[in-house]
1. For a Förster distance of 22 Å, can you work out the FRET efficiency between the beta-carbons of Q122 and N187, rounded to the nearest 0.05?
2. Calculate, for the range 252-323, the solvent-accessible area per residue in square angstrom, rolling a 1.4 angstrom probe over the heavy atoms of the protein chains.
3. Can you compute the FRET efficiency between D131 and K180 using 1/(1 + (r/R0)^6), with r the Cβ-Cβ distance and R0 = 35 Å? Round to the nearest 0.05.
4. Over the range 19-155, average the accessible area per residue using a 1.4 Å probe and give it in Å², no decimals.
5. With all protein chains present, how much of the accessible area of the range 338-388 (probe radius 1.4 Å) comes from carbon and sulfur, to the nearest whole percent?
6. Percent relative contact order of the range 251-321, based on C-alpha pairs within less than 8 angstrom and at least six residues apart?
7. How large is ³J(HN,Hα), in whole Hz, for each residue of the range 354-363 in order, when computed from phi with the Karplus curve 6.51 cos²θ - 1.76 cosθ + 1.60 and θ = phi - 60°, using x for Gly and Pro?
8. With just the Cα atoms defining each centre, how far is the range 154-181 from the range 67-129? Give it in Å.
Amino acid sequence: GDILPEELCDGMGQLHERVSCRPRHDDRRKAEALVKGLQVGDLLGGGCIAQVYNGKLERHGIWGPETIQVAVKVRREEVVDYMESDIKLLRWAARVAEWFSPDLQWLSMEDALDNFGWYLIQQLDLRIEADHLQHFGENFQSGEVKSGRIKVPEVFASTESVMVTELAQGVSLSQFVKQKHSKKVKNQVFTALIDTMARMILLHNFIHGDLHPGNVFISLSPTLPSPSIAAAGHGRSGLLALRERWRRRDNDELPMITLIDAGISINMTSDLIDFTMNGVLAAFRMQPLSLGSAVVRLHQDEGLCSYGRDLDTLERKVGYLLLAGAFMCKKDIWGEMFDTYEEYRSSRVSEYFSRMIALLSEHRVRVSPTLWSLMTAFALIEGSVAELGYGVNVLRAATPYLFSTSDIAGKLASVIRCMTSEHEHQEGPPQPFQPLSGR
């Protein structure tokens, strides 16, 4: 039950894995001309937008010459023309479809394509990705998340087609799950990933939109000082560097998570922030109608309900669906959307998204682009933690950022509800009392 059919996902996955990569002399020339002291090395890999090389950056620091291991990302030369042609072709197809079937006009496919194209264009300009990485670096400058450490590669230089950053340490999550690690380490990585996503959504309101297992690196080695800290001089800067080194020593046993490839990132709008906070609180308070109302109100505020019909029914259906997805619920809730408990218990985050999209389409409400981006980002992180063998408890991840430190009752009630939900997911629903025979 994914947002897209499994056969399509498998086919697209093969295209992604088999993308052609070959080193180009012009890539090296452009990158080395951009940054003095840069030596571009071997090709590490690539995707449809760019190729990535390793390299060394030699520069003169406060303490003398220093060498930094870097990643050099170079955009493919022909990709801009291909992307523009694809968007034009899709726009033509949308016009033809609406001309042949006027009933499809409620979808406003050209507007949807404009939004889709905007996300694609973000990936073409590596200066945008550099800005995103710097934004994430500021948000996670403490380097700490629950049960782990977090790092965002430092950006040394960027142009529209070239970006030079620190080289991510460790291995990708895809490789990490194939290695043998203790249950404790896996649990730490899981907790850190979920806390990272919760902070992005509820605290920072700025989300990495492409956190699939290949864009998350895991390292179990001690923290290396960042180039900026390593180059710190004497006096106040030196004391700060010493304090930073001492603090890191206490956390070195925790796994380090590094986020890369931030070309697609989501700066949450005020409407989306309000929806997220109100929706999560409605779920925590077991209020399906309030949750459904928050969904419909977001779409109304974005002008996506012009052709909408029977919105009261939509509120009810979506509210019950998303409440069932937030944590394990009783049959009076999950029974509204699932036929059997087994079907409900085995459902994944992506299935709730696909069902919600089906409900919106049934009631002729266009899917909010901002909500779609948030759902996609969440589905990707859910897929990443599923690689570790865990599921996502939405409320447990959100609780630390919903309640103030003084709201002891709210936190306690949240913990109890989450523990009950997790226990039921593992053990099944409580069984009715059966009297012993003969008594």
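1. Working from the Cβ atoms, E equals 0.05.
2. 42
3. Once rounded, the FRET efficiency stands at 0.35.
4. Values: 7900 Å² over 137 residues.
Result: 58 Å² per residue.
5. Result for the range 338-388: 53 percent of the exposed heavy-atom area is carbon or sulfur.
6. Contact order relative to length: 30 percent.
7. 5, 5, 5, 4, 4, 5, 4, 5, 4, 9
8. The range 154-181 and the range 67-129 have Cα centres separated by 25 Å.
The values are calculated or read from the model by the stated rules, or taken from the named source; none is laboratory data. Here the structure is a predicted model, which means the values were calculated and not measured. Because the Cβ atoms are built from the backbone with ideal geometry, glycine has one as well, and the counts that use them run over all protein chains shown. What goes into the accessible areas is simple: the full protein's heavy atoms, side chains included, and nothing from ligands, DNA or RNA. Shrake-Rupley method; radii C 1.70, N 1.55, O 1.52, S 1.80 Å.
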